[in-house]
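Student: For reference, the structure I am asking about is given below.
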Amino acid sequence: MFSQLARRGILLLPAIMMAGCNTVVMNPSGDIAAQQSKLIVISTLLMLLIIVPVIALTFFFAWRYRQSNTEAQYEPDWDHSTKLELVIWGAPLLIIIALGMLTWITTHTLDPYRKLSRLDETRAIPANVKPITVEVVALDWKWLFIYPEQGIATVNELAAPVDVPIHFKITASTVMNSFYIPALAGQIYAMPGMQTELNAVINKAGDYEGFSANYSGAGFSDMRFKFRGLSNEDFAQWVQTVKTNQPALKRAEYLELEKPSIKDPVRRYATVEADLYHAILNRCVVDGQVCIDKLMSTDLNVKSAANGKFSNLLAQNQQAGRGPLAEICTTPTTTTGK
């Protein structure tokens, strides 16, 4: 009786262990995440084609050639089988080729920077549908979402209409972070002074969890937000709600918001300073700071001018019959006499 219960318990153990797991990654609500979940399944099945036979044969050989089995054929001089070698090396090689082709194709089709070509596997993007742009800033330890087209911003709350492509522009304020909504798409890094991009679409209305997938300090575990998939009408109403009786987000307010804090509540801003995201990305929110893009542009112009001057000197030396570096390497000297 006890042994029978033990066997049943062992069989039910995997199901009990999986009962508390959140399987949203394998059952997402966005097309990009759905394609990624299929990729996981196909890759796993391809690898199981080798793993399962190897494990089964391991147990078979252990049982077949156990010490007590005196009927097993004993061939101490056997060392080679062409057929066996073909199976051992051919099967894994074919699987590696299949995995390589699958990886190459999906690396391009699921490129986060690539614009979407469909809403899901049965629907293309209608010609009259315009993607919505959301600028994402990873702060310590909260998320700032700026909607440049709607002129609003939110903290720890993200909303988007269903079946409308979303174009995320992502950066960070201080340290590297990771923007991740499992139901929508795979994670992508947020880095200070740099911009990453993500294109995705949500296909089902509902509230989904978003969080940071990269450790970034003391408040990392509470760096979570709600992603709301809304109908077009509900999204328009949500935008109007944000615009009503809410403060403005300007540089001074952002500098206060940027200070480290934990478990921040949802905040909404009715208006946003036009170039705030550009200033955050280029590290020039504080008055008097030089933006990175302007600094790089100035540096490029200076180098171009120096290269132009160098080229002119080379041309002059060539025309005068001097060595190519005659003028460049010569420094003026002064002499004194007694």
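The values are calculated or read from the model by the stated rules, or taken from the named source; none is laboratory data. Here the structure is a predicted model, which means the values were calculated and not measured. Don't worry about glycine lacking a Cβ; one is built from the backbone with ideal geometry, like all the others, and counts go over all protein chains shown. Ligands, DNA and RNA are stripped out before the accessible areas are found, and what is left, the full protein with its side chains, is counted by its heavy atoms. Shrake-Rupley method; radii C 1.70, N 1.55, O 1.52, S 1.80 Å.
Student: Straight distance only, please: which aspartates and glutamates reach the Cα of LYS226 with their own Cα at less than 12 Å, same-chain residues fewer than 8 apart left out?
Tutor: Qualifying aspartates and glutamates at Cα under 12 Å: GLU157, ASP207, GLU209.
Student: Can I ask one more? Hey, if you put +1 on the Cβ of every Lys and Arg and -1 on every Asp and Glu Cβ in the range 241-288, which of ILE280, ILE262, THR241 ends up farthest toward the positive end of that dipole?
Tutor: It is THR241, whose Cα lies furthest towards the positive end.
Student: May I pose another question? With +1 on each Lys and Arg Cβ and -1 on each Asp and Glu Cβ, and nothing else charged, work out how big the dipole of the range 75-164 is about its Cα centre, in Debye to the nearest 20.
Tutor: With only Lys, Arg, Asp and Glu charged at Cβ, the dipole is about 600 debye.
Student: Something else about it: What list of ³J(HN,Hα) values in whole Hz, one per residue of the range 246-261 in order, does the Karplus curve 6.51 cos²θ - 1.76 cosθ + 1.60 (θ = phi - 60°) give from phi, with Gly and Pro shown as x?
Tutor: 10, x, 9, 10, 10, 4, 4, 5, 5, 4, 6, 5, 5, 5, x, 7
Student: Could you tally the net charge around ILE181, taking each other residue with its Cβ under 12 Å from the Cβ of ILE181, Lys/Arg +1 and Asp/Glu -1?
Tutor: With Lys, Arg at +1 and Asp, Glu at -1, the net is +1.
Student: Got a sec to turn the phi values of the range 117-126 into Karplus ³J(HN,Hα) couplings, 6.51 cos²θ - 1.76 cosθ + 1.60 with θ = phi - 60°, whole Hz, x for Gly and Pro?
Tutor: 3J(HN,Hα) across the range 117-126, in whole Hz: 10, 7, 8, 7, 5, 10, 10, 7, 6, x.
Student: What does the C-alpha gyration tensor say about the overall shape of the range 184-234? Classify as rounded when a/c is under 1.5, otherwise prolate if a/b is larger than b/c, or oblate.
Tutor: Note, shape of the range 184-234 comes out oblate.
Student: When a/c reaches 1.5 or more, the comparison of a/b and b/c decides; with that in mind, is the range 83-158 rounded, prolate or oblate per its Cα gyration tensor?
Tutor: Cα axes put the range 83-158 in the oblate bin.
Student: What is the magnitude of the charge dipole of the range 133-285 about its Cα centre, with +1 placed on the Cβ of each Lys and Arg, -1 on the Cβ of each Asp and Glu, and no other charges, expressed in debye to the nearest 20?
Tutor: Dipole about the Cα centre, nearest 20: 220 debye.
Student: Give me, ordered by chain and number, the residues 5 or more places off VAL272 or on other chains with an amide H under 5 Å from its own placed amide H.
Tutor: Close amide H contacts, sequence-distant or interchain: LEU249.
Student: Of the listed pairs LYS169/LYS243; LYS169/LYS259; LYS38/LYS263; LYS130/LYS263, which have alpha-carbon separations greater than 30 Å here?
Tutor: Numbers: LYS169/LYS243 22 Å; LYS169/LYS259 22 Å; LYS38/LYS263 35 Å; LYS130/LYS263 34 Å.
With Cα atoms farther than 30 Å apart: LYS38/LYS263; LYS130/LYS263.
Student: At 1.4 Å probe size, what's the solvent-accessible area of MET47? Round to the nearest 10 Å².
Tutor: Probe radius 1.4 Å; accessible area of MET47 about 90 Å².
Student: Name the residues whose placed amide hydrogens come within less than 5 Å of the amide hydrogen of HIS167, ignoring near sequence neighbours (fewer than 5 apart) on the same chain.
Tutor: Result for HIS167 returns ILE132, THR133, VAL134.
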